[in-house]
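Below is one structure, written out as structure tokens; the observations come after it.
Read-outs: derived from the displayed coordinates by stated rules, not from any lab. All of these numbers come straight from a predicted model, not from anything done at the bench. Cβ placement follows ideal geometry from the backbone for every residue including glycine, while neighbour counts extend to all protein chains displayed.
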Amino acid sequence: MTAVIYARYSSDNQREESIEGQIRECTAYAEKNGITVIKHYIDRAFSAKTDNRPEFQQMIKDSGKKLFDVVLVWKFDRFARNRFNSANYKMILKKNGVHLISVMEPIAEGSQGILVETLLEGMAEYYSAELSEKVIRGQTENALKGKCTGGTGTIGYKIDEEKFYHLDPLTAPLVLEAFQRYDNGDKMVEIVNFLNDKGVRNMLAAK
């Protein structure tokens, strides 16, 4: 029996060790069960809430070529965090004669296995939705407090160690003058040239 391993992490804040750990667990499962792993498909910094993942899509496409019998994942949430996508792509794999196995979530055959797998899929989607709500709530609270919520910052402000915005005494007056010039009818190119002449650069140090 041949298999491929699909590994994924969803954020740039996560590290390569996450992928290494997933592959290690899947490889150990394969060796224990006499399965030959022929390829790894890896998506880095891609959310499982969407199926727009290049390696994932390539794996689904390759499943139709009869190159492997099994897809190994660390947990089902590596495969999908959306119940529709999960059911849809599992059906495609099944039609192609490929079985999906979560090495950390053994599922029994039969009716009980169907129930457990459905619960795991629901929990994965619930976790993703809850996490998104918490992130949005946290960012909203930070914004209301005048704190930076990420990104490269804003010309005219400085960000202190606690992520609070403060007026930059050097650039804030120039930003104010730029708005006044716009209100007086200056063209955008004239305002840009004015800021460049004053040495103002965007937060990436470009003109």
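Estimated at 0.36 nm per residue, the fully extended path between Asn202 and Met91 surpasses their Cα-Cα distance by 35.1 nm. Between Ala45 and Arg24, the distance separating the two model label sites (each 7 Å from Cα on the Cα→Cβ line) works out to 2.4 nm. Does region 149-207 classify as rounded, prolate or oblate by the C-alpha gyration tensor (a ≥ b ≥ c root eigenvalues; a/c under 1.5 gives rounded; else a/b over b/c gives prolate, otherwise oblate)? Cα axes put region 149-207 in the prolate bin.
Sorting the segments 188-197, 22-31 by their mean number of nearby beta carbons within 10 angstrom, highest to lowest, gives 22-31, 188-197. Around the Cα centre of region 149-207, unit charges on the Cβ atoms of Lys, Arg, Asp and Glu (plus for the first two, minus for the last two) sum to a dipole of about 200 debye. Here each label is just a point 7 Å from Cα along the line to Cβ, and for Lys32 and Thr149 those points are 4.4 nm apart. Positive contributions from Lys and Arg (+1) and negative ones from Asp and Glu (-1), summed over other residues with Cβ under 12 Å from the Cβ of Lys147, come out at -2.
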